[in-house]
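Mind having a look at this structure? Questions to follow.
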Amino acid sequence: MGSTAGHHSLAWARPLHFCWRPLCTNGHLMCAGCFIHLLADARLKEEQATCPNCRCEISKSLCCRNLAVEKAVSELPSECGFCLCQFPRSLLERHQKEECQDRVTQCKYKRIGCPWHGPFHELTVHEAACAHPTKTGNELMEILDEMDQSHRREMQLYNSIFSLLSFEKIGYTEVQFRPYRTDDFITRLYYETPRFTVLNQTWVLKARVNDSERNPNLSCKRTLSFQLLLKSKATAPLECSFLLLKGPYDDVKISPVIYHFVFTNESNETDYVPLPIVDSVECNKLLAAKNINLRLFLFQIQK
């Protein structure tokens with residue numbers, strides 16, 4: 001009887017699919033994803049984030065984890081996203097990766113271009129009928145050519161970075177984007193760093209959310225773009241390559257992209273270019289923070 005009562009008292013916790021559970025000062029639970037989204041929305045609207053249940057203030061410093069509930073939730077049944085069967089949460093990851101017959105898998109001939117994705121229980125039938133092993137040499141060469149081109153583009157990026165690292169004049173610095181208010185009172189849509197010095201020049205970085213969309217808090221898709229501005233006077237054209245990466249203490253996923261610009265006194269700011277964050281979830285992680293901390297690399301190209 002006691003165990004049945006305990007089971008029902010925790011039934012509400014089943015929809016919480018994240019590994020940690022923030023707790024507001026009045027004891028209300030949120031899943032981690034909702035908590036980060038609430039903080040990001042509040043940052044965009046320049047409001048104090050509040051608990052959706054009692055409206056008390058919430059923040060990373062005000063909220064705490066409820067380890068007892070986390071442990072209890074980890075022992076509750078959870079639904080497999082592939083076969084929809086119920087499993088203890090502690091066994092769910094192994095089931096979905098190794099045991100589920102409906103888990104999504106790929107053909108063993110993907111290395112020669114087979115694009116098939118499907119449930120594991122159909123894999124044997126597909127591979128027996130897969131046309132790729134019977135393709136002619138010329139057909140396979142075309143497929144491998146496309147795959148090689150993708151690989152070459154990736155290698156070209158990394159070779160470009162290695163080449164830049166051999167330049168004589170290289171500078172990098174940690175930058176902190178802070179939200180600021182615009183003249184038309186659209187708040188928290190723009191960010192700017194304090195002035196900083198790299199390569200004996202003074203610079204500023206600016207960033208904006210969803211390319212200045214008026215109400216990005218109404219959109220599920222979140223992006224950031226940034227602009228590099230030269231603030232000191234240039235005695236001659238200053239040709240630079242630059243890229244932004246995550247800071248040393250952040251876990252946000254940013255793909256390296258190299259940008260190029262020639263700075264002069266007449267043309268001292270780049271266009272807004274995308275900050276290549278992998279998805280909106282990673283963007284929300286940045287927006288939920290009080291400030292956005294990244295690392296800028298600058299490479300001066302000398303003729």
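The values are calculated or read from the model by the stated rules, or taken from the named source; none is laboratory data. Everything numeric here is computed off the predicted structure, so don't read it as measured data. As a convention, Cβ positions derive from the backbone with ideal geometry for all residues, glycine included, and neighbour counts pool all protein chains shown. Side chains included, ligands, DNA and RNA excluded: accessible areas come from the protein's heavy atoms. Shrake-Rupley method; radii C 1.70, N 1.55, O 1.52, S 1.80 Å.
Can you sort 148, 250 by solvent-accessible area, 1.4 Å probe, largest first?
Details: 148 75, 250 50 Å².
Correct descending sequence by accessible area is 148, 250.
Below 8 Å between Cα atoms, with a sequence gap of 6+, how large is the relative contact order for the range 22-161 in percent?
13
Where nothing but the Cβ of Lys and Arg (+1) and of Asp and Glu (-1) is charged, how large is the charge dipole of the range 104-164 around its Cα centre, in debye to the nearest 20? Write down the numbers at each step before the final one.
Values: 6 positive and 8 negative charges, 31 e Å.
It comes to approximately 160 debye.
In whole angstrom, how far apart do the alpha carbon centroids of the range 217-256 and the range 59-108 sit?
36
Using a 1.4 Å probe on the protein chains only, how many percent of the accessible area of the range 167-300 belongs to carbon and sulfur? Spell out each step's value before the answer.
On the way: 3310 of 6890 Å².
Its accessible area is 48 percent carbon and sulfur atoms.
In addition: List the chymotrypsin sites (Phe, Trp or Tyr not before Pro) within the range 200-303 that DSSP assigns to loop and that have no more than 14 neighbouring Cβ atoms inside 10 Å.
Numbers: sites: 203, 226, 242, 249, 259, 261, 263, 272, 297, 299; in loops: 249, 272.
Passing sites in the range 200-303 are 249.
Once every Cα of the range 104-164 carries one equal point scatterer and solvent is ignored, give the base-10 log of I(q)/I(0) from the Debye formula at q = 0.28, 0.30 Å⁻¹, two decimals.
Per q value, in the given order, log10 I(q)/I(0) is -1.07, -1.14.
So what does residue 301 come to for accessible area, using a 1.4 Å probe and Å² rounded to 10?
Accessible area of residue 301: about 40 Å².
Taking N as the number of residues in the range 22-155, what is its Cα Rg relative to 2.2 N^0.38 Å?
My calculation over the Cα atoms of the range 22-155 gives 1.67.
Provide the FRET efficiency to the nearest 0.05 for the residue 264-residue 116 pair, computing r from the beta carbons and using R0 = 35 Å.
Details: r = 53 Å, r/R0 = 1.51.
E between residue 264 and residue 116, to the nearest 0.05, is 0.10.
Hey, another quick one. Fully extended, how many nm does the chain gain between residue 65 and residue 147 (0.36 nm per residue separation, minus their Cα-Cα distance)? All intermediate terms of the calculation are to be shown ahead of the outcome.
Numbers: separation 82, 0.36 × 82 = 29.52 nm, distance 4.56 nm.
Working it through step by step, the gained length comes to 25.0 nm.
Taking the Cα centre of the range 22-99 as origin and charging only Cβ (+1 Lys, Arg; -1 Asp, Glu), how large is the dipole, in debye to the nearest 20? Can you show the working numbers first?
Details: 9 positive and 10 negative charges, 36 e Å.
The dipole magnitude comes to about 180 debye.
At a 1.4 Å probe, what is the % contribution of carbon and sulfur to the accessible area of the range 22-99? Display every interim value, and only then the final one.
Numbers: 2310 of 4460 Å².
Heavy-atom surface of the range 22-99 belonging to carbon and sulfur, 1.4 Å probe: 52 percent.
Using r as the Cβ-Cβ distance of residue 53 and residue 136, and R0 as 51 Å, what FRET efficiency do you calculate, to the nearest 0.05? Don't jump to the answer; show the numbers that get you there.
On the way: r = 64 Å, r/R0 = 1.26.
That pair, residue 53 with residue 136, gives E of 0.20.
So, one more: Give me the accessible area per residue for the range 167-300, probe 1.4 Å, as a whole number in Å².
51
Oh, and also: From the cross-link list 253/303; 169/246; 97/290, which pairs have alpha carbons spaced over 30 Å apart? Each step should come with its number before you reach the end.
Values: 253/303 34 Å; 169/246 22 Å; 97/290 36 Å.
In this structure, 253/303; 97/290 exceed 30 Å between Cα atoms.
How much length is gained on full extension from residue 34 to residue 158, taking 0.36 nm per residue of separation minus their Cα-Cα distance?
Values: separation 124, 0.36 × 124 = 44.64 nm, distance 3.58 nm.
That pair, residue 34 and residue 158, stretches by 41.1 nm at full extension.
Rounded, prolate or oblate: which fits the range 191-285, taking a ≥ b ≥ c as square roots of the Cα gyration tensor eigenvalues, rounded meaning a/c under 1.5, else prolate when a/b beats b/c?
On the way: a/c = 2.33, a/b = 1.79, b/c = 1.30.
Cα axes put the range 191-285 in the prolate bin.
For the range 122-171, run through the GluC sites (Glu not before Pro) and keep only the ones in DSSP coil with at most 11 other Cβ atoms within 10 Å of their Cβ. If you can, show how the numbers build up before the last one.
On the way: sites: 122, 127, 139, 142, 146, 154, 168; in loops: 168.
Those satisfying the criteria are 168.
Order the following by accessible area, largest value first: 136, 193, 105. Probe radius 1.4 Å; ligands, DNA and RNA are ignored.
The ordering from most to least exposed comes out as 136, 105, 193.
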